[in-house]
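What follows is one structure encoded as structure tokens, with my remarks underneath.
Every read-out reported here was derived from the displayed coordinates using simple, explicitly stated rules and does not represent laboratory data. What you see is a predicted model, and the numbers here were worked out from it, not measured in a lab. So basically every Cβ, Gly included, is an ideal-geometry build from the backbone, and we count neighbours across all protein chains shown.
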Amino acid sequence: MTTTYLIVPGYTNSGPDHWQSFMERKYSNVMRVQQDDWNTPSSLWVDRLNQVVVGTQGDIVLLGHSCGAVAVAQWAATHSCSRVKSLILVAPADVDAETAIVPIRQQRPLPSGTLGYNALLIHSDNDEHLSEARAHALATQWGCKTHLFSGAGHLHTAAGYGEWPEGERLIENFTGLALLSVKGKG
């Protein structure tokens, strides 16, 4: 059975030029977790993620960005599913920070213990929503490996992260699970 990559976008969703959207268009085993309200990250996002995990057959990789990565971490801290093989947390927003923007503060708190899954935290050294020091602290706390993309900002469209072949290779290499059946050019 094919492994499904469930992409979990963050606050305001991932627009058409975001790397998550490119992956969704390019690969047959990538599916977006849809939220009812993309402007209100909350515990409801974790509930929706769990519904999708339960309803997805076969092995799963959870691939979150920003507040979506926070939802993945919160899900992992409170749920167990042997079919979830890896977590990829790209630029998780530090919703606990004093500098966190108001709309994402309601997603507090970040998990405080190990997530219990094979996990990779991908971060930058100039992310406006996650300092490099905090990325390392969270990775240690959560039991994640880390990968730094220097100068990559929040690893989103505004920082130049549309189609992201380097990220796709990193994800496949970390998980050992293929992104399959190119659907088109993206």
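A few comments on the model shown:
- Dipole of the chain, positive end: most advanced residue of P111, G64, V52 [Cβ charges, Cα centre]: V52
- ³J(HN,Hα) computed for each position of segment 51-58 - Karplus, 6.51 cos²θ - 1.76 cosθ + 1.60, integer Hz, glycine/proline x: 4, 5, 4, 4, x, 9, 7, x
- Phi to ³J(HN,Hα) by Karplus 6.51 cos²θ - 1.76 cosθ + 1.60 over segment 163-169, Hz, x for Gly, Pro: 4, 9, x, 4, x, 4, 5
- Segment 1-41 and segment 138-180 have Cα centres lying 14 Å from one another.
- Shown is the FRET efficiency for S112 and E163, computed with R0 = 25 Å from the Cβ-Cβ distance and rounded to the nearest 0.05: 0.10.
- Length-normalised contact order of segment 1-155 in % [C-alpha pairs under 8 Å, at least 6 apart]: 20 percent
- Between S150 and T40, the contour length at 0.36 nm per residue exceeds the alpha carbon distance by 36.7 nm.
- Relative contact order (percent, whole number), segment 1-82, Cα cutoff 8 Å, 6+ residue spacing: 43 percent
- This model, with +1 at the C-beta of Lys and Arg and -1 at the C-beta of Asp and Glu, gives segment 4-175 a dipole about its Cα centre of some 460 debye.
- Beta bridges per DSSP with both ends in segment 4-175, % antiparallel, nearest 5: 5 percent
- On the basis of the beta-carbon distance and an R0 of 45 Å, V182 and D96 show a calculated FRET efficiency of 0.70.
- Only Cα pairs under 8 Å and 6+ residues apart enter the sum, and on that basis the relative contact order of segment 72-186 stands at 24 percent.
- For the chain, built as a Gaussian network whose Cα springs stay under 10 Å, the top-fluctuating residue of D17, D94, D36: D36
- Shape call, segment 99-147: gyration tensor on alpha carbons, a/c limit 1.5: oblate
- Selected from L121, L170, L110 as most flexible by GNM, with the chain as the system and alpha-carbon contacts under 10 Å: L170
- Checking (1) 17.1; (2) 17.9; (3) 16.0 against Kirkwood radius over Cα pairs in Å calculated from these atoms, the matching label is (3).
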